[in-house]
Amino acid sequence: MKVLVVGSGGREHALAWKVKQSPIVTEVFIAPGNPGTATVGTNVPIKVTEIDKLADFAQTNGITLTLVGPEIPLTLGISDAFKARGLACFGPSKAASKLEASKVEMKEFLRRHNIPTAAFKVFNKAEDAHAYIDEVDGPLVVKSDGLAAGKGVTVAKNAAEAHDAVTRVMEKFEFGREAGAQVVIEEVLKGEEISVFALCDGRNAVLLDYAQDHKQLKDGDEGPMTGGMGAFSPVPGLLSPRDEDDLVRRVVFPTMAGLHKEGRPYVGVLFVGLMITDSGLKVLEYNVRFGDPECQTLMMRLDSDLVELCLACVNGKLDQMTVAWKPVTAICVTLASGGYPADTLNNQAITGLDQAAALGATVFHAGTTDRDGTIVTSGGRVLSVCARGGSLDAVRTVAYAATDAIRYEGKQFRRDIGKRREARKAR
Ligand code: AMP
Ligand code: GLY
């Protein structure tokens, strides 16, 4: 069968790479893809926002399954458009994708269904938000309502930082007018974060193994928020048996049931960002897709056939499936471009990719372009350097040797991906 992967990041390269390994797949197409995906399948020059063109392509080319990587096409309704044409699309409907598209909707959904989350207030006037910040006069989290590529959230240490965030979101419209029309202001939660992914078929959900992201730009969780600077999986010992029970009973099940009850059953992969606090698990956010770079580590470890699993979700048959994992640890180190996340230093020639592969790493492409046979930087996150093996130490060694072998002007990365576990052991 033929499979179409929609997107062009490291996540989509990893998805296409895994899809290609399925014995039932004959051909993989990636729209629009990148120089990395061109090595596993055929890139198709259609943008992720061109929903009708994507559906036309799927119909004309006999695509059996379309897998959507990023949130934008989902929030634009790609899943509904494909369904209307009788095409199988792995990803939630536009209505269910609202969980990611609007922080206000997400928080109100959590409240409506009694799912644990940080206490919050919603403001649609900057002056009211400023007045509230003065009243609290302490640390607060400010979140722009709409999509902001993971950058619309400020964890403010004090009132001045919170005021500044409100100004940027609601007065300077740094994330656009729509995203800045409302803000969520919430309490700061303390604890460790974990990304949980569940495959969902509308009624049933199957949890995937855990992965942990490192969102800040610099070592030790310093610096600005990014899309994600690295991940590892599994994350043993992070959740207590009680947390695991809570995760299913108080978070995943009520989310599925709540969406079903509201007439927008969830089909696809649900990503729940959680904070493990002293008073239990709290939902930080939902995303309606795989995380990037978490996905890369999960694809390196998934033993089951991804295509069979996605088809089971689309066909409502997830209860007949089990998910098997390779008994390995996987790591992904993000290599970003100079200036990221504020800016991107593009057009820098990248060398050392063959050396990285020879060292045993699997390198997924993200913001790269093939310029007359030379791979150059062309985005914020440039490459995902991944490795899998017997232990976290072993995979760190391989991934960082490969990271050092890859060279381009402005290269930024974190040296401490996967180190949190050691820090935890030491506590
Ligand atoms: P979000 O997009 O809502 O997940 O926020 C992005 C990041 O901001 C999260 O991954 C956390 O690191 C941080 N964050 C969000 N909400 C809170 C909160 N209430 N307390 C502490 N940190 C938070
Ligand atoms: N790595 C976090 C995300 O994909 O949103």
Accessible area of the range 175-281 divided out per residue, in Å², using a probe of 1.4 angstrom: 40 Å²
Please say if the range 6-101 is rounded, prolate or oblate, where rounded means a/c under 1.5 for a ≥ b ≥ c the square roots of the C-alpha gyration tensor eigenvalues, and otherwise the choice is prolate for a/b larger than b/c and oblate otherwise? prolate
Of all accessible surface on the chain at a 1.4 Å probe, what whole percent is carbon and sulfur? 49 percent
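In the range 9-48, which trypsin sites (Lys or Arg not before Pro) are in a loop and have at most 15 other Cβ atoms within 10 Å, using DSSP for the loop call? Write out the running numbers ahead of the final one.
On the way: sites: R11, K18, K20, K47; in loops: K47.
For trypsin sites (Lys or Arg not before Pro) across the range 9-48 that sit outside H, G, I, E and B with at most 15 neighbouring Cβ atoms in 10 Å, the list reads K47.
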Solvent-accessible area per residue, Å², over the range 1-151 with all protein chains present [probe radius 1.4 Å]: 40 Å²
Can you give the log10 of the normalised intensity I(q)/I(0) at q = 0.16, 0.27 Å⁻¹, computed with Debye over equal Cα scatterers of the range 300-361? -0.80, -1.14
Jot down the radius of gyration and Dmax of the range 1-58, Cα atoms only, both in angstrom. 10.4, 30
With every protein chain in place, the accessible area of D246 for a 1.4 Å probe, in Å² rounded to the nearest 10, comes to 10 Å²
Please arrange R371, R414, R289, R111 by accessible surface area, largest first, computed with a 1.4 Å probe and ligands excluded. R111, R371, R289, R414
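How much net charge surrounds M321 when only other residues with a Cβ under 10 Å from its Cβ are counted (Lys, Arg +1; Asp, Glu -1)?
Residues near M321 contribute -3 overall.
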Per DSSP helix of 4 or more residues, -39500 (n - 2.57); summed, then divided by the residues of the chain. What does that give at 222 nm, rounded to the nearest 500? -8500 deg cm²/dmol
For the chain, whose charge dipole is built from +1 on Lys and Arg Cβ atoms and -1 on Asp and Glu Cβ atoms, the candidate among S22, S97, A160 with its Cα farthest towards the positive end is S22
The Cα extents of the range 235-385 along the principal axes, largest first and rounded to whole Å, are 52, 35, 34
With 0.36 nm assigned to each residue of separation and the Cα-Cα distance removed, E135 to T397 gains 89.4 nm
Which value in nm describes the separation of the simple spin-label points at R249 and D319, placed 7 Å from the Cα toward the beta carbon? 2.2 nm
Just the ratio, please: alpha-carbon radius of gyration of the range 165-227 over 2.2 N^0.38 Å, N its number of residues. 1.56
Around G62: net Lys/Arg minus Asp/Glu count, Cβ-Cβ under 11 Å: 0
Could you please put K94, K190, K2 in sequence from largest to smallest accessible area, using a 1.4 Å probe? K190, K94, K2
Residues with beta-carbon under 13 Å from that of R85, excluding R85: net charge, scoring Lys, Arg +1 and Asp, Glu -1? -1
Probe 1.4 Å, all protein chains present, accessible-area order of R396, R112, largest first: R112, R396
Accessible area of D305 in the full protein assembly, 1.4 Å probe (Å², nearest 10): 40 Å²
State which stretch of the chain is the longest one without any exposed GluC sites (Glu not before Pro), exposure meaning a DSSP loop state and at most 14 other Cβ atoms within 10 Å. 1-177
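From the square roots a ≥ b ≥ c of the eigenvalues of the alpha-carbon gyration tensor of the range 246-306, which class results: rounded (a/c under 1.5), prolate (a/b over b/c), or oblate?
Oblate, since a/c reaches 1.5 and b/c is not below a/b.
Report the Stokes-Einstein translational diffusion coefficient (µm² s⁻¹, integer) for the chain, Rh taken as the Kirkwood radius over Cα pairs, at 4 °C with viscosity 1.567 mPa s.
Working: Rh = 21.9 Å.
After rounding, the answer is 59 µm²/s.
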Take the Cα gyration tensor of the range 196-289, multiply each eigenvalue by 5, square-root it, and list the three semi-axes largest first, rounded to whole angstrom. 25, 16, 12
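The values are calculated or read from the model by the stated rules, or taken from the named source; none is laboratory data. Please read all numbers here as calculations on a predicted model, not as lab measurements. No Cβ is skipped: glycine too gets one built from the backbone with ideal geometry, and neighbour counts run over all protein chains shown. Only protein heavy atoms, including side chains, enter the accessible area calculation; ligands, DNA and RNA are left aside. Shrake-Rupley method; radii C 1.70, N 1.55, O 1.52, S 1.80 Å.
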